[in-house]
Amino acid sequence: MSREPTHIDAKGRVHMVDVGAKPPLARRATAEGFFCAAAATLDRLEAGALPKGEALATARIAGIAAAKRTDELIPLCHTLPLDGVEVDFERVTPERLRVVASASTIARTGVEMEALTAVALACLTLYDMAKAIDDALHIEGIRLVEKTKHAVPA
């Protein structure tokens, strides 16, 4: 699907899209990414036994905080009144941890960037907390999984 660029004005200059005429809708977005490490590293991470401490709680807080500050981190993102942000972790293989974040709001524009930012910062936090014990860490597949929007109930 090809679309016209929305962040370029008629003169070819970058600008913030004006969403003022759009109706507020209930919006939700979910993103995922994978934190990859040695099985022993993920065992220690899940047990809260990394040298830097309880990594999952720290990464969850980092993801939520990042979602709340997305407009400060990514140029041209709108400031959104987030109603909720969730960050969860699921061990999908011995060497892969799935990081999932969802963000919700009632607004004139979507929350995809907030969900993606939450996943990215949660993964980066896990990386920072595990790098002292594992040289083969990597992050894979950060992507939008789902986005929804619907009218706000009256």
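Read the figures in this text as sums done on the coordinates, not as results from a lab. From a predicted model like this one, the values you see are computed outputs, not experimental measurements. Don't worry about glycine lacking a Cβ; one is built from the backbone with ideal geometry, like all the others, and counts go over all protein chains shown.
Give me the angle, in degrees from 0 to 90, between the Cα long axis of helix 112-130 and the longest principal axis of the Cα atoms of the chain, rounded to the nearest 10.
Once rounded, the angle reads 20 degrees.
Through the Karplus equation 6.51 cos²θ - 1.76 cosθ + 1.60, θ set to phi - 60°, convert the phi angles of segment 32-47 into ³J(HN,Hα) values in whole Hz; use x for Gly and Pro.
For segment 32-47, the Karplus-derived couplings read 9, x, 10, 9, 10, 7, 4, 4, 5, 5, 5, 4, 5, 4, 5, 7 Hz, x marking Gly and Pro.
How high is the FRET efficiency from Ala47 to Arg69, r the C-beta distance, R0 30 Å, rounded to 0.05?
0.50
Please give every one of the lysines within straight-line cross-link reach of Lys149, meaning a C-alpha to C-alpha distance under 30 Å, and leave out same-chain neighbours fewer than 8 residues apart.
Counting by Cα, and skipping residues close in sequence, Lys149 has these lysines nearby: Lys22, Lys68.
Could you pull out the longest piece of the chain with no exposed loop trypsin sites (Lys or Arg not before Pro) in it, calling a site exposed if DSSP puts it outside H, G, I, E, B and it has at most 15 other Cβ atoms within 10 Å? Provide the component values of the computation, followed by the final result.
Values: sites that count: Arg3, Lys11, Arg13, Lys52, Arg69, Lys131.
The answer is 70-130.
Placing unit charges on C-beta atoms (Lys and Arg positive, Asp and Glu negative, everything else neutral), compute the dipole magnitude of the chain about its Cα centre in debye, rounded to 20.
Around 500 debye, computed over the chain.
At q = 0.09, 0.19 Å⁻¹, what log₁₀ I(q)/I(0) does a Debye calculation on the Cα points of the chain give, no solvent, two decimals?
So the normalised log intensities work out to -0.34, -1.07.
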